[in-house]
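**Student:** Once you've had a glance at the structure underneath, I'll fire off some questions.
None of the figures in this text is laboratory data; all of them are computed from the coordinates on show. Treat the numbers as computed from the prediction; the structure is a model and nothing was measured. FYI the Cβ positions are ideal-geometry reconstructions off the backbone, even for glycines, and counts take in every protein chain you see.
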Amino acid sequence: MQGQDDTELDKDEFCSFFRELMGDNYSDEAADEAFDAIDVDGSGGITLAEFKEGVLKSNKNKTSGLPSKCITISIAP
Ligand SMILES: [Ca+2]
């Protein structure tokens, strides 16, 4: 049984999170790309560390990736 406080996001969880975040701009392709970009070790899940790293990286690049809004969400309990 998966614990509620397990901090790894699987792709489905990430997609629904991403869908909420992007609203009308959501696309499966963008969610896919963002997931792959953040899941640096390719484990198929995003840990909190990977998530933070990914958000920082996307803020630095300013090209694609997650909006800075994510930082607030990731820090919130
Ligand atoms: Ca991973």
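**Student:** What are the ³J(HN,Hα) values, in whole Hz, obtained from phi via the Karplus relation 6.51 cos²θ - 1.76 cosθ + 1.60 with θ = phi - 60°, for each residue of segment 24-38 in sequence order, with x given for Gly and Pro?
**Tutor:** Whole-Hz 3J(HN,Hα) from phi for segment 24-38: 5, 7, 5, 9, 4, 5, 5, 5, 4, 5, 5, 4, 5, 5, 7.
**Student:** Okay, moving on. For an R0 of 30 angstrom, estimate the FRET efficiency from the Cβ-Cβ distance between Lys57 and Ser16 and round to the nearest 0.05. Could the numbers behind the result be given before it?
**Tutor:** Working: r = 22 Å, r/R0 = 0.74.
FRET efficiency, Lys57 to Ser16: 0.85.
**Student:** For Ala49 and Glu29 in one chain, what is 0.36 nm times their gap in residues minus the Cα-Cα distance, to one decimal in nm?
**Tutor:** Between Ala49 and Glu29, full extension yields an extra 4.9 nm.
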